[in-house]
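Just so it is clear, none of the values below were taken in a lab; they were calculated from the coordinates. All of these numbers come straight from a predicted model, not from anything done at the bench. Every residue, glycine among them, receives a Cβ derived from its backbone with ideal geometry; neighbour counts consider all protein chains shown.
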Amino acid sequence: MSKQISIVVPLFNEEESLPHLIDWIKKVLDTKYSYEVLLVDDGSKDQSWKIIEGLIAENSVVRGIKFQRNYGKSAALQKGFESCKGDVVVTMDADLQDSPEEIPELYEMIIHQDFDLVSGWKKKRHDPLSKTIPTKLYNWAARRITGIYLHDFNCGLKAYKRAVVKSIELYGDMHRYVPALAKYAGFTKIGEKVVQHQARKFGVTKFGLNRFLNGPLDLITVAFMGKFGKKPMHFFGALGSLMFLIGFSLIFYLGIDKLFIHQNAKLLADRSEFYIALISMVIGVQFFMTGFISELIGRNSSSRNVYLIEKEIGDGSH
């Protein structure tokens with residue numbers, strides 16, 4: 001049965017926060033909305049799943065999905081998106097830094113202002129500089145590459161029309177750039193809302209060096225896939241053709257020069273320009289073949305979002 005709101009909460013080792021989060025959500029939404037809460041346990045090593053089982057036994061609105069191992073936040077969100085039933089889908093972190101008090105207004109912005117997606121903006125943050133400075137750099141780069149002018153791409157608190165989450169595919173670490181994926185899928189009405197940011201009460205942050213290193217690579221991937229994901233030959237073929245044409249033109253010029261202008265000049269094989277031209281032609285062919293192979297793979301690839309689910313419980317009725 002369809003709900004007004006689905007709240008998708010990816011989590012990893014958040015045993016202390018979960019009871020407080022569910023109590024907070026119920027306090028805000030009970031009696032006002034039909035909703036469900038999907039807690040997606042991304043292979044936690046603590047007692048998170050045991051806590052989830054207890055919460056489901058006590059609350060009919062809660063559903064649980066447990067990964068057999070840790071796949072990452074994008075995988076958890078993707079599985080939540082596949083399973084949710086709400087007209088509006090809200091994502092939030094489990095660490096109590098995102099406030100459920102924001103959910104009603106996010107819902108209203110989607111339903112009554114007809115936004116496809118509304119992203120939270122943690123204007124006043126309670127994070128260390130080691131987290132806020134990289135975040136500012138990511139947001140600056142993301143705005144310029146994607147053309148979406150949001151202040152906070154990486155805010156976990158977002159709201160979507162159901163059609164949006166059913167139309168995009170998350171993998172790797174693409175959860176940081178859902179607005180860009182939505183835009184490339186044709187959902188262009190993207191809004192932003194200033195949201196409260198709470199200091200972490202339990203546990204430790206999951207922000208690490210790998211996120212700092214992988215972020216720019218993911219951004220490049222999102223931008224490339226948005227423009228050329230369905231037509232890689234348009235990128236690699238054009239670049240390869242250009243490189244080959246440059247090399248061939250240089251070879252042709254050297255040949256004319258040797259045959260008709262400087263006949264007594266040194267052999268072509270002794271000229272550095274000849275090897276530059278040859279390398280350019282070889283690289284051009286390689287780019288062209290890369291585009292051709294990418295087209296073959298893209299047309300015959302199976303889904304990459306296959307995850308081992310250990311348990312799935314709860315029906316989310318409310």
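Quick notes on this one:
- Using a simple spin-label model with pseudo-atoms 7 Å out from Cα toward Cβ, ILE246 and ARG143 lie 3.3 nm apart.
- Here's the picture: a label point sits 7 Å out from the Cα of GLU16 along the beta-carbon direction, and within the stretch 44-64 the residues with their amide nitrogen under 14 Å of it are 46-48.
- Shape analysis of the stretch 16-123 yields a ratio of the Cα radius of gyration to the Kirkwood radius, Rg/Rh, of 0.95.
- Most mobile listed residue (TYR71, TYR33, TYR160) in the chain, GNM with C-alpha springs under 10 Å: TYR33
- Note on ALA163 and ILE220: with the Förster distance fixed at 35 Å, the Cβ-Cβ geometry gives a FRET efficiency of about 0.85.
- The chain - share of DSSP beta bridges that are antiparallel (%, nearest 5): 35
- Principal semi-axes of the equivalent ellipsoid, √(5λ) from the alpha carbon gyration tensor of the chain, are 50, 19, 19 Å from largest down.
- Given charges at Cβ of Lys, Arg, Asp, Glu: the chain dipole, positive-most of PRO19, VAL195, VAL222: VAL222
- Taking the inverse of the mean reciprocal distance over all distinct Cα pairs, the Kirkwood hydrodynamic radius of the stretch 96-188 comes to 14.1 Å.
- Cut-off under 5 Å, modelled amide H: who pairs with VAL37 long-range: ILE7, VAL62, ARG63
- Within the chain, the whole DSSP H helices whose Cα atoms reach 30 Å or more along their own axis and whose mean Kyte-Doolittle score is at least 1.0 are 232-256, 272-300.
- FRET efficiency for ASP46 and LEU278, using Cβ-Cβ distance with R0 set to 45 Å, rounded to 0.05: 0.15
- Kirkwood Rh (inverse of mean 1/r, distinct Cα pairs), the stretch 1-74, angstrom: 12.6
- The simple spin-label model puts a point 7 Å past each Cα toward its Cβ; for GLU105 and LYS136 those points are separated by 2.4 nm.
- Paramagnetic reach from GLU310 (point 7 Å along Cα→Cβ, amide N under 20 Å) across the stretch 59-80: 63-80
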